[in-house]
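These notes concern the structure reproduced below.
The values are calculated or read from the model by the stated rules, or taken from the named source; none is laboratory data. Bear in mind that the values here come from a model prediction, so they are computed numbers and not experimental data. Positions of Cβ are generated from backbone atoms using ideal geometry, with glycine treated the same way; all protein chains shown enter the neighbour counts.
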């Protein structure tokens, strides 16, 4: 079942249970899917990879917003963002733990033959593609930096 079909099923369930937070997040996901499908060159289709990228982007936007709201002492708005993050993450692949991330990036470093922090660009290019949706870009970047600095 495609992401769009899953979203529609979940949307119906959220409407029946009158779950406002879930409804808000699912409607946002549905809107982003529709927007992606009507973009030039999309031909009314969206690939599973593009779906994951779209969901990861949405989760990141909400994390950043929640962080901003917390620094501005707006806990009620931060709570709304966190509720939406929880719903979005249900549709994303399981995130890697730090140990799994270290192992994956170590393998990538060995694969590309990186030896110093100057090779970070090579490693990040491969790591960003292979770990898309499985880990946050910021976590990938800090892990690559720390492993190349050794």
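Annotations for the structure displayed:
- Residue 3 vs. criteria modelled with pLDDT of 95 or more, closer than 30 Å to residue 127 by Cα and either out of contact with any strand residue (DSSP E or B) (no Cβ under 8 Å at 6 or more places or on another chain) or buried (at least 16 other Cβ atoms within 10 Å of the Cβ) (or both): no
- From the list 96, 131, 92, the one residue that fits, being under 14 Å from the mean Cα position of the chain (by Cα) and within 25 Å of residue 30 (Cβ to Cβ), is 92.
- Options 120, 58, 124: the member that is assigned by TED's automatic domain parsing to the domain that holds residue 10 and part of a helix (DSSP H, G or I): 58
- Where residue 123 falls short, out of the listed (1) surrounded by 16 or more Cβ atoms within 10 Å (Cβ to Cβ); (2) farther than 30 Å from residue 20 by Cα; (3) under 17 Å from the mean Cα position of the chain (by Cα): (3)
- Per this entry, residue 76 is not counted among residues that are surrounded by 15 or more Cβ atoms within 10 Å (Cβ to Cβ) and either part of a helix (DSSP H, G or I) or more than 17 Å from the chain's Cα centre (by Cα) (or both).
- Criterion violated by residue 64 - all others in (1) loosely packed, with under 14 Cβ neighbours inside 10 Å; (2) touching a residue at least 24 places away in the same chain (Cβ under 8 Å); (3) assigned by TED's automatic domain parsing to the domain that holds residue 26 satisfied: (2)
- In the set (1) out of contact with any helix residue (DSSP H, G or I) (no Cβ under 7 Å at 6 or more places or on another chain); (2) crowded, with 17+ Cβ neighbours inside 10 Å; (3) outside any helix (DSSP H, G or I), residue 46 fails one condition alone, (1).
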